[in-house]
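Worksheet: the structure to be examined is printed underneath.
FYI, it's all coordinate maths here, none of it is from the lab. Since the structure is predicted, the reported quantities are computational estimates derived from the model, not experimental observations. Don't worry about glycine lacking a Cβ; one is built from the backbone with ideal geometry, like all the others, and counts go over all protein chains shown.
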């Protein structure tokens, strides 16, 4: 499989905290890769480094054979790499369809065409009926889907999803998993930060595990779930080495 | 329906000078003039959400340029565009500094105020542009010199300016640029993530806004026949420019116009009334009270409020 995204030796420090340390991995075309790890492991920082929102202290990101060094977020996006935000950032006072149009206008400058495409995406994600609603009055689950709809509107070949399932109930999570799967089936590669393990396990073909900014494991979901270092990272090593009294 | 209402309103405004007194015409000229400035400010401050408290600088540069060119025999009909281009140039410099270095909110406001103050101090101290006394324009009464004996000419020019700026804003609302600006106002980081070059579009908003504002400088100069640094570059004019769209409804098409129709007559009448009683500057108290009332009760401005009322009435 050709690598679509290659992350090579990426590092970033915030003051005394090494948020990401010598991180390397790749995402192949059409692949779904999970990026997991305990809170504070550096997953969201890694996203920010890849998508151009943060500059790395060291290391490189290559996407479709291009070095992303020095590119601004909108330029990275134009190359076909879209991200969502863990803390959703809807344009609250704009309508839902306008929110998605901000994304579709990039490749379709005529507003009528951009709106047509935005509505098609909203229909696909089950937000069609909410098109005229101000984005600020959507429910949490709807806002998660809007975040996804906007990222899709930029017509990416790689989608970075930052916890699009957190806070959703079981039925909503199931629906989101199906949506992500459908997007992937159309050939969009996906890099997924997720705490909802059942979702990652069922979606990802490969999982990269971060702890304290470093990659501690990588492999197929079952292999990673059985990995001793991964269990230690999540539960703390005491529970693993000695059963609690 | 909307087009009909707009055509009706324009027809009434076109016919008004037939029945208005000289004083009322003067008031209407001011209403249109400030509505034009408010509309130009609205493109940057309203739609794009980049608050400028230094727009007087663009009026001053536009006015000084055409006045100085007129002294050298260049017609203001041409000079107004030179002045507007220079104003847009200054706008580009302010925009570049502010947007490249990520100045937002109060910091951007302070940057715009600082540039306007620098212009005022420069104009006050450089004798070649009149120094503290400013510039006086020789009266010829010749329309080719942007001078008219009949105040109705100024009325129609001011009306045309207001309609022009409103037309530009209406066009923007329908185009990609205007749609992007409303999103930039809401969340620049999200815009970047969606592929929007926020720097470029903020710069465009700044250049269009400062160009239009610069055009108004020539109108001001050749209606008043004088330019004083404190009057055209000063903070009071910047406040006059930004308070109307904020009270009328920033980021809406008709908010700036409505704001001027509310505030301009009120300011003129209270200036006259309090001025005769020796209370100069009392109209600022009226501004203050109105601003507090709008912020408290109509934070989106008067126009969105009226539109809701109208829609409720129609439903």
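List of remarks:
- In region A:1-88, the C-alpha radius of gyration followed by the widest Cα-Cα span (Dmax) gives 12.6, 38 angstrom.
- Remark: spin-label model distance residue A:212-residue A:185 equals 4.3 nm, labels positioned 7 Å along the Cα→Cβ axis.
- Over chain B, Cα pairs under 8 Å with separation of 6+ residues give a relative contact order of 31 percent.
- Long-range tail of P(r) for region A:91-137 (Cα pairs > 14 Å, %): 42 percent
- Each pair of Cα atoms in region B:96-175 enters the Kirkwood radius, and Stokes-Einstein at 25 °C and 0.890 mPa s then converts it into a translational diffusion coefficient of 146 µm²/s.
- Shape parameters for region B:22-135, alpha-carbon atoms, Rg then Dmax in Å: 15.6, 49
- Three semi-axes of the equivalent ellipsoid, region B:135-214, Cα gyration tensor, whole Å, largest first: 39, 14, 8
- Extension reserve of the residue B:78-residue B:1 stretch, reckoned as 0.36 nm per residue once the Cα distance is removed: 23.9 nm
- As a ratio to 2.2 N^0.38 Å, the alpha-carbon radius of gyration computed for region B:63-103 takes the value 1.50.
- Expressed in units of 2.2 N^0.38 Å, where N is the residue count, the Cα radius of gyration of chain A is 1.03.
- If the convex hull is drawn through the Cα atoms of region B:22-235, its volume per residue in Å³: 112 Å³
- Separation between Cα centres of region B:184-228 and region A:119-194, rounded to whole Å: 35 Å
- Using all pairs of distinct alpha-carbon atoms, the Kirkwood hydrodynamic radius of the protein assembly as shown works out to 26.6 angstrom.
- Pair residue B:26, residue B:280: separation of 7 Å Cα→Cβ label points (nm): 1.7 nm
- Of all the options A:105, A:159, A:35, the one that moves most in a Gaussian network model of chain A with Cα springs shorter than 10 angstrom is A:105.
- Per-residue [θ]222 nm for chain B (sum of -39500 (n - 2.57) over DSSP H runs n ≥ 4, rounded to 500): -24500 deg cm²/dmol
- Ellipticity estimate at 222 nm from DSSP helix runs (n ≥ 4, -39,500 (n - 2.57)) divided over chain A, nearest 500: -11000 deg cm²/dmol
- Inter-label distance, residue B:9 to residue A:223: 6.8 nm, where each label sits 7 Å from its Cα along the C-beta direction.
- P(r) tail fraction, region A:144-210 - alpha-carbon pairs more than 18 Å apart, %: 29 percent
- Based on C-alpha pairs under 8 angstrom that are at least 6 apart in sequence, chain A has a relative contact order of 25 percent.
- Remark on region B:30-70: hydrodynamic radius 11.2 angstrom, per the Kirkwood mean of 1/r across alpha carbon pairs.
- Length-normalised contact order for region A:133-221 - Cα pairs under 8 Å, 6+ apart - percent: 24 percent
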